[in-house]
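Report on the following structure.
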Amino acid sequence: TKQYEDHIVVHLLLEHFGYPPYGLGEGIVFALIGNWFGHDLHLYSKAYLIEQKIPPLFKVLTVNEVNEAEGNVVIPAWGSFCKYLIDRHGMETFMDLYRRTDGIEDSANFNVHFKDLYGEDFPAVDREWRLYILRYQGEPAEGES
């Protein structure tokens, strides 16, 4: 139950920031927990991208959309995408997106806030992330260079 408990604790810590679309909310939790435990979500996502299993992320924002897709594929992909955004634009910008999208469940409204913060439409950045992941070779293990 440890991983489940960690998952819930992270959600509880983020609760005061609001409730963004399900994909984003689960994605940041998976990104944080993945970092803590040394899981490389980019490599998981790369395998799923090569198998063409990851739908466009704007089509899997809500609980129902994630459930209709393969959740065990979509949620780690969202985690990888969240890490990508944070690594490129910083945690502050990401958390601003998290706050601004509180209660939003449709891609059009989500995109308004996304574009305001990141300067590009969500689908365009989704494509950039996919290209990054397909080229990704993994990060050296701690102590390696």
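The values are calculated or read from the model by the stated rules, or taken from the named source; none is laboratory data. Being a predicted model, the structure only gives us computed values, none of them experimental. Ideal geometry is used to build each Cβ from the backbone, glycine not excepted, and the neighbour counts take in all protein chains shown. We work out accessible area using only protein heavy atoms, side chains counted, and drop any ligands, DNA or RNA first. Shrake-Rupley method; radii C 1.70, N 1.55, O 1.52, S 1.80 Å.
Quick look at the values:
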| item | result |
| --- | --- |
| Criterion violated by His42 - all others in (1) touching a residue at least 60 places away in the same chain (Cβ under 8 Å); (2) in contact with a Leu (Cβ under 7 Å, 6 or more places away or on another chain); (3) in a helix (DSSP H, G or I) satisfied | (2) |
| Criterion violated by Ile75 - all others in (1) within 18 Å of Ile28 (Cα to Cα); (2) at pLDDT 90 or above; (3) of a type outside the set (D, E, K, R) satisfied | (2) |
| Filter pass, Trp129 being out of contact with any strand residue (DSSP E or B) (no Cβ under 6 Å at 6 or more places or on another chain), at pLDDT 95 or above and either among the acidic types (Asp, Glu) or open to solvent by less than 60 Å² (accessible area, probe 1.4 Å) (or both) | yes |
| Any chance Asp116 is at pLDDT 95 or above, of a type in the set (D, E, K, R) and surrounded by fewer than 19 Cβ atoms within 10 Å (Cβ to Cβ) | yes |
| Residue within region 88-96 that is open to solvent by 20 Å² or more (accessible area, probe 1.4 Å), in contact with a Pro (Cβ under 8 Å, 6 or more places away or on another chain), of a type outside the set (Lys, Arg) and within 20 Å of Phe30 (Cβ to Cβ) present | no |
| Selection within region 55-64 - in contact (Cβ under 8 Å) with a residue 12 or more places away in the chain, assigned to a helix (DSSP H, G or I) and open to solvent by 10 Å² or more (accessible area, probe 1.4 Å) | Phe58, Lys59, Val63 |
| Filter result (surrounded by fewer than 19 Cβ atoms within 10 Å (Cβ to Cβ) and charged (D, E, K, R)) within region 37-54 | Asp40, Glu51, Lys53 |
| Matching residues in region 12-59 - criterion: being under 17 Å from Tyr98 (Cα atoms) and modelled with pLDDT of 90 or more | Leu57, Phe58 |
